[in-house]
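What follows draws every value from the coordinates through simple rules; no lab data is involved. In this text, all values refer to a predicted model and were calculated from it rather than measured experimentally. Methodologically, a virtual Cβ is constructed for each residue, glycine included, from the backbone with ideal geometry; neighbour enumeration extends over all protein chains shown.
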Ligand code: NAD
């Protein structure tokens, strides 16, 4: 039985990845600084460890007999645009420490395959209508935020370890990922979850606030597609970073309208000032397509699943407030 370590298994994508690996027949150890917020983990073993500490990376990677066949590194100090702009130093300090120690320890211990979760935040801002950018377009570098710079540094570090230690490193640059069982409140939530929450909390006929003027262009990748992409990439021969993203690009206003449609409510939008990030995205998926990956879930279907789950969470919280 193959053994996999998932770092960040108490988080959104890591939690879904554990389920996928269990389905594929792996023995899985999950590691995170906290338990998963939304129900028990499906990992065979779950260790609560702070991976900024080098000795904890040794504990995470240690097995009584042999080595992990595969290590998936998804632990990061992470959040949506609001968090990325307000917690620049925490992101650069905490995520860099996690990656410095995890990459070094995994390579030194002889781990054969190592996955690193990067982001399309490594790319510069784009103009609407610009042709697709390939992975090579990240250099010369000009990420719009410090989160992107940390990812770029950690990518390069992982590739250096691959060259010097013979560890097979696979790097995915994720587009925005959304779906059930992700952070939906508290300041770290990303746009799709935040908008689902606002619409779920609003009365029919009410108004929600949306940061920016609604024209920023993004693609949103449903979590089951993302996890399939991670798994395929890990088992491929693709060296170097590969973008993973749904090819359906929409404006923020189109995302909001999709959520409103799915909710069945009539909701007005008020645009307010807030951290928006880059104006536009348009990335090539040619590398990930070359190994057989395709997005299967498009925005309205993915938002339907996500909205239903967040609506349930909102109702649970309202019940708790009414019946403490
Ligand atoms: P998440 O915040 O849900 O998961 C990250 C997990 O890392 C959290 O559970 C957190 O507790 C854990 N963590 C943080 N600090 C830690 C520490 N010191 N030790 C151990 N664990 C620690 O985020 P996610 O959306 O599941 O993202 C997973 C990965 O994918 C991250 O590397 C993120 O940067 C990357 N990514 C995500 C998106 C997205 O849209 N969700 C987009 C691009 C890249």
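With the convex hull of its Cα atoms as the shape, the range 35-165 has an orientation-averaged projected area of 10.0 nm². Looking at the square roots a ≥ b ≥ c of the eigenvalues of the Cα gyration tensor of the range 8-105, which shape do they give, rounded for a/c under 1.5, prolate if a/b is larger than b/c, or oblate? Oblate, since a/c reaches 1.5 and b/c is not below a/b. Based on DSSP H segments of at least four residues, each scored -39500 (n - 2.57), the chain has a per-residue ellipticity at 222 nm of -12000 deg cm²/dmol. As a proxy for reagent exposure, ranking 253, 225 by other Cβ atoms within 10 Å from fewest up yields 253, 225. The length gained on full extension between residue 34 and residue 141, counted as 0.36 nm times the residue separation minus their Cα-Cα distance, comes to 35.2 nm.
The mean sequence distance of close C-alpha pairs (under 8 Å, at least 6 residues apart), as a share of the length of the range 69-164, puts its relative contact order at 36 percent.
Between the range 96-110 and the range 194-260, the C-alpha centres lie 30 angstrom from each other. Where the alpha-carbon atoms of the chain are placed on the principal axes, they occupy 60, 51, 37 Å, in descending order.
Sequence-distant contacts, meaning Cα pairs under 8 Å at least 6 residues apart, place the relative contact order of the chain at 18 percent.
Would you please classify the overall shape of the range 140-217 from the alpha carbon gyration tensor, given that a ≥ b ≥ c denote the square roots of the eigenvalues, rounded means a/c under 1.5, and beyond that prolate means a/b larger than b/c while oblate covers the rest? Prolate. Per-peptide packing, taken as the mean over residues of other Cβ atoms within 10 Å, places 112-120, 29-37 in the sequence 112-120, 29-37 from highest down. Arranged from fewest to most other beta-carbon atoms within 10 Å of their beta carbon, 283, 12 become 283, 12.
Bridges between two residues of the chain, per DSSP, are antiparallel at a rate of about 10%. Give the relative contact order (percent, whole number) for the range 4-72; include only Cα pairs under 8 Å separated by 6+ residues. Relative contact order comes out at 35 percent.
In plain terms, the bigger the Kirkwood radius, the slower the diffusion; for the range 155-311, with that radius from Cα pairs, at 4 °C and 1.567 mPa s, Stokes-Einstein puts D at 77 µm²/s. Here is the size of the range 279-324 from its Cα atoms: Rg then Dmax, 18.1, 53 Å.
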